[in-house]
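Here the structure is laid out as structure tokens; the discussion comes afterwards.
The values are calculated or read from the model by the stated rules, or taken from the named source; none is laboratory data. Given the structure is predicted, the values throughout are model-derived calculations rather than measurements. Backbone-built Cβ (ideal geometry, glycine too); neighbour counts: all protein chains shown. Please note that ligands, DNA and RNA were not included when accessible areas were found on the heavy atoms of the full protein model with its side chains. Shrake-Rupley method; radii C 1.70, N 1.55, O 1.52, S 1.80 Å.
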Amino acid sequence: MAEVKVKQESTDPVDIENRIKELCSQFPHGITDQVIQNDMPHVEAQQRAMAINRLLSVGQLDLLRNSNGLLYRLKDAQTASKMKGSDNQEKLVYQIIEDAGNKGIWSRDIRYKSNLPLTEINKILKNLESKKLIKAVKSVAASKKKVYMLYNLQPDRSVTGGAWYSDQDFESEFVEVLNQQCFKFLQSKAEAARDSKQSPVVQRNSSFATSHEVWKYICELGISKVELSMEDIETILNTLIYDGKVEMTIIVAKEGTVGSVDGQIKLYRGVNCIIQATGLVKTPCGLCPVFADCHEGGEISPSNCIYMTEWLDF
């Protein structure tokens, strides 16, 4: 009978380290110590720990923390060069901030995810800022709080407020100018359609403009110091719809049409009110999109409605 040879797992430190890196490559989001143990059951815990510590010390692994405990993740060469000379705590904080992306993360959340003392976190954040690895950005959602993100990232619109905010201040005059110019463009489009003396249906259809046409007109005016997107212009057009100055319709668009989304495109046209709106409709309640959810004692109620307060303050 032929002798059966059982393959023995190597206990050489280099082989263990290479196998751990292979496991991390197979699971990019990270592996737990249990995964390593299941893959190498005959390797003693002390040998595994020495291999992991060695990989952490040379910057080839990231140490993360989630609800299930510690995770080990393979670090790319670029990040490894950035964090050369940093201790494990600093690497952990950097990784938490990196995972937050361009929306950033508050120091309170960093403390929660890292389980480090606040004084230690503040020290690490200052050190990372001095190395220009991270930056602090003021959020429009909370004026007295800062979020941290990687130094080379452009903050998300939810953090900066987009084109409508400058140094956390809402640019109401700028919004009003855009509002007027967008309406002026749609009005001129409607007047040109009426002057064409064509049939009513043709006049109505030619009075519509796409958001891309409005966006192009605003860009050519050069009234904005910041770069406006199509989404910004559609936000302005929506305010005109709420004011009853503009109406919108959605049509099927040909493939490749500029401004189309999922085979559809939005068209806008300026409208003139035939009759004056009644007093009730002019109140905030008459135009409120959450009117059905408004009741005393709820999150939305007449007593804490800022729009009602502003409307009554005349």
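For segment 95-251, pairs of C-alpha atoms spaced more than 25 angstrom apart make up 49 percent of the total. Dimensions of segment 172-270 along the principal axes, based on C-alpha atoms and rounded to the nearest Å, stand at 40, 31, 25, largest first. The phi-based Karplus calculation (6.51 cos²θ - 1.76 cosθ + 1.60; θ = phi - 60°) puts the 3J(HN,Hα) values of segment 124-131 at 5, 4, 5, 5, 5, 5, 5, 7 Hz, whole numbers, x for Gly and Pro.
Once the Cα atoms are used to define both axes, helix 45-57 deviates from the longest principal axis of the chain by about 50 degrees.
With all protein chains in place and a 1.4 Å probe, the accessible surface of the chain carries 52 percent carbon and sulfur.
Size estimate for the chain follows the Kirkwood approach: the inverse of mean 1/r over distinct Cα pairs works out to 25.4 Å. Round to the nearest 10 and give me the degree value, 0 to 90, for the angle of helix 211-221's Cα axis relative to the longest principal axis of the chain. With both axes taken from Cα atoms, the answer is about 80 degrees. Charge dipole of the chain (Cα centre as origin; +1 on each Lys and Arg Cβ, -1 on each Asp and Glu Cβ, all else neutral): 520 debye, rounded to the nearest 20.
Helix 13-26 and the long axis of the chain differ in direction by around 20°, with both axes built from C-alpha atoms. The simple Förster model, with R0 at 22 Å and r as the Cβ-Cβ distance, assigns Thr119 and Gln46 a FRET efficiency of 0.10. For Ser301 and Phe170, the FRET efficiency from 1/(1 + (r/R0)^6), where r spans their Cβ atoms and R0 equals 25 Å, is about 0.55.
Secondary-structure-derived ellipticity at 222 nm for the chain, considering helices only, amounts to -14000 deg cm²/dmol, per-run term -39500 (n - 2.57) for DSSP H runs with n ≥ 4.
Across segment 13-75, the fraction of Cα-Cα pairs farther apart than 16 Å, rounded to a whole number, is 36%. The distance linking segment 182-221 with segment 22-76 is 62 Å (Cα centroid to Cα centroid, whole angstrom).
Once the chain from Ala136 to Lys103 is taken as fully extended at 0.36 nm per residue, the excess over their C-alpha distance is 10.7 nm. Per residue, the accessible area of segment 172-270 comes to 62 Å² when a 1.4 Å probe rolls over the protein heavy atoms.
Projecting label points 7 angstrom from Cα along Cα→Cβ for Glu22 and Asp243 puts them 6.7 nm apart. Of the whole protein surface, Phe291 contributes about 120 Å² of accessible area at a 1.4 Å probe radius.
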